[in-house]
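Asker: Below are the structure tokens for one structure; questions will follow.
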Amino acid sequence: MTDLFAGLADPRPAQETMAEGAVLLRGFFAAGEADVIAELRAIVAQAPFRHMVTPGGHTMSVAMTNCGSKGWVTDRRGYRYDSVDPESGHKWPAMPSSFRDLAERAAAQGGLSSFSPDACLVNRYVPGAKMSLHQDKDELDLGAPIVSVSLGLPATFMFGGLLRSDKPKRFRLAHGDIAVWGGPARLAFHGVAPLADGEHPVMGRQRINLTFRKVI
Ligand code: SIN
Ligand code: FE2
């Protein structure tokens, strides 16, 4: 079959506003990719992915781990940040400088400078996994933005307003795209639709998301 678009540049804009204070940076993550993926493998070897349980007793379809001085965890007692991995009893792996650089550069490109994240939640989606609409509100410092990096299979990101009932807009997140939200959008409801099946040339049959936050 002839591909009519072969050889043409990606027609989607490099930068798109999702809402006031929220921007999608397409293909931002290209240079330095190999470093970040190698560091990611090392983190997962030290603190393997696990399916956590919500306070309501639901096992999440997304598997998670963390790096940085704080890690996001959930269990029957609630959602919180902890400096210790509850599975191993050890500190979470340190945040690699390649991760930090990427997050800081993306925040600056999104117009939110001087971001210094202390937590990176790593989410792993296999086909069918999803994340329901929620707000990121377990951080003490709500002045700092969220920087969210997509790797692997494409996903549909839902980005809504400050009320759960606000109808979310849908955006395609592909390998290398970064979403940044802060200011008036910091507490926007967001989520990820069930992942479609596929095989990514670099990451295989999965999507990985790195969510950078400043907790304290
Ligand atoms: C999250 O909100 O923690 C995850 C977002 C994503 O996977 O893109
Ligand atoms: Fe989130």
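Asker: When you scan the stretch 90-111, how many residues do you find that are open to solvent by 40 Å² or more (accessible area, probe 1.4 Å) and farther than 19 Å from residue 176 by Cβ?
Answerer: Here is the first cut: in the stretch 90-111, the residues open to solvent by 40 Å² or more (accessible area, probe 1.4 Å) are 90-91, 94, 97, 100-101, 104-105, 108-109, 111.
From what is left, the residues that are farther than 19 Å from residue 176 by Cβ are 90-91, 94, 97, 111.
The total comes to 5.
Asker: What strands (runs of 3 or more DSSP E), lying completely within the stretch 127-216, carry at least 1 residues that are more than 15 Å from ligand 2 (Cβ to nearest atom) and in contact (Cβ under 8 Å) with a residue 60 or more places away in the chain? First the steps, then the outcome.
Answerer: Values: elements: 131-134, 146-152, 155-159, 169-173, 178-181, 190-192, 207-213.
Per the criteria, 146-152, 169-173.
Asker: Pick from the stretch 126-178 the residues that are in contact with a Gly (Cβ under 8 Å, 6 or more places away or on another chain) and among the hydroxyl-bearing types (Ser, Thr, Tyr): which of them is farthest from ligand 1 (Cβ to nearest atom)?
Answerer: Ranking the candidates gives 132 first.
Asker: Within the group 18, 52, 60, which residue is modelled with pLDDT of 95 or more, in contact with a Phe, Trp or Tyr (Cβ under 6 Å, 6 or more places away or on another chain) and not small (Gly, Ala, Ser)? If you could, list the steps in order and put the result at the bottom.
Answerer: On the way: 52 fails: in contact with a Phe, Trp or Tyr (Cβ under 6 Å, 6 or more places away or on another chain); 60 fails: in contact with a Phe, Trp or Tyr (Cβ under 6 Å, 6 or more places away or on another chain).
Residue meeting the stated conditions: 18.
Asker: Might you check whether a residue that is out of contact with any Phe, Trp or Tyr (no Cβ under 6 Å at 6 or more places or on another chain), modelled with pLDDT of 95 or more and within 24 Å of residue 136 (Cβ to Cβ) occurs anywhere in the stretch 28-35?
Answerer: No, every residue in the stretch 28-35 fails to be out of contact with any Phe, Trp or Tyr (no Cβ under 6 Å at 6 or more places or on another chain), modelled with pLDDT of 95 or more and within 24 Å of residue 136 (Cβ to Cβ).
The values are calculated or read from the model by the stated rules, or taken from the named source; none is laboratory data. Nothing here was measured: the structure is a model prediction, and the numbers come from that model. All Cβ positions, even for glycine, are placed from backbone atoms using ideal geometry, and neighbour counts span all protein chains on display. Surface accessibility is based on the protein's heavy atoms, side chains included, excluding ligands, DNA and RNA. Shrake-Rupley method; radii C 1.70, N 1.55, O 1.52, S 1.80 Å.
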